[in-house]
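Visitor: Let me begin by handing over the structure; questions about it come next.
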Amino acid sequence: MQQLGRMKDGRFFIKIERIRAKRSDQQNRWYWGVVLATISEHTGHTPNELHVIYKRMFLPAEEIPYRDKKIKVANTTTKLDKGEFSEYIERIRAEAGTMGVKI
């Protein structure tokens, strides 16, 4: 904060964000090894196919500026914190429940 007083005149952008705990390795292993694997056995889709499907279903698309456009791309689970990743998995478990799959 002391450095702000030493800055020369001009325009500045300062962003302050809360540091969030990223999803854990344990969460990620359970997601791939139990959640997606269990659903895969029921549906015949590979875990990777299910991962792509569920990202599209349950994560908001990210917009990347490209030239004069904003291109929508599937978001990634690697950016989720522990709480967000838990919510994401719970949505998938609820979806699996509609197919009679218990996780």
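The values are calculated or read from the model by the stated rules, or taken from the named source; none is laboratory data. Since we're looking at a predicted model, the values are computed, not measured. So basically every Cβ, Gly included, is an ideal-geometry build from the backbone, and we count neighbours across all protein chains shown.
Visitor: Which one of these does Ser86 not meet: (1) of a type in the set (Gly, Ala, Ser); (2) in contact (Cβ under 8 Å) with a residue 24 or more places away in the chain; (3) in contact with a helix residue (DSSP H, G or I) (Cβ under 6 Å, 6 or more places away or on another chain)?
Guide: Among (1) of a type in the set (Gly, Ala, Ser); (2) in contact (Cβ under 8 Å) with a residue 24 or more places away in the chain; (3) in contact with a helix residue (DSSP H, G or I) (Cβ under 6 Å, 6 or more places away or on another chain), the lone unmet condition for Ser86 is (3).
Visitor: Specify the residue that is modelled with the highest pLDDT; the eligible residues are those in region 61-74 that are outside any strand (DSSP E or B) and of a type in the set (A, V, I, L, M). Spell out the reasoning first.
Guide: So the first thing to find is which residues in region 61-74 are outside any strand (DSSP E or B), and the list is 61, 67-68, 74.
Subset that is of a type in the set (A, V, I, L, M): 61, 74.
On the way: Ala61: 88, Ala74: 80.
Applying the filter and picking the extreme gives Ala61.
Visitor: Let me ask something else about it. Go through (1) in contact with a strand residue (DSSP E or B) (Cβ under 8 Å, 6 or more places away or on another chain); (2) more than 26 Å from Glu17 (Cβ to Cβ) and name the single condition Arg67 misses.
Guide: Just one mismatch for Arg67, condition (1).
Visitor: So, Gly100, is that one outside any helix (DSSP H, G or I) and small (Gly, Ala, Ser) or not?
Guide: Working: outside any helix (DSSP H, G or I): yes; small (Gly, Ala, Ser): yes.
Answer is yes for this residue.
Visitor: Can you find, within region 75-103, the residue that is farthest from the chain's Cα centre (by Cα) among those that are of a type in the set (A, V, I, L, M, F, W, C) and more than 17 Å from Trp32 (Cβ to Cβ)? Spell out how you get there, then give the answer.
Guide: Start the filter on region 75-103 by keeping residues that are of a type in the set (A, V, I, L, M, F, W, C), which leaves 80, 85, 89, 92, 94, 96, 99, 101, 103.
Now narrow it down to the ones that are more than 17 Å from Trp32 (Cβ to Cβ): 94, 99.
Values: Ala94: 17, Met99: 23 Å.
By that ranking, first place goes to Met99.
Visitor: Taking region 25-60 as the region of interest, how many residues are surrounded by 13 or more Cβ atoms within 10 Å (Cβ to Cβ) and not in a helix (DSSP H, G or I)?
Guide: Within region 25-60, residues that are surrounded by 13 or more Cβ atoms within 10 Å (Cβ to Cβ) and not in a helix (DSSP H, G or I) number 2.
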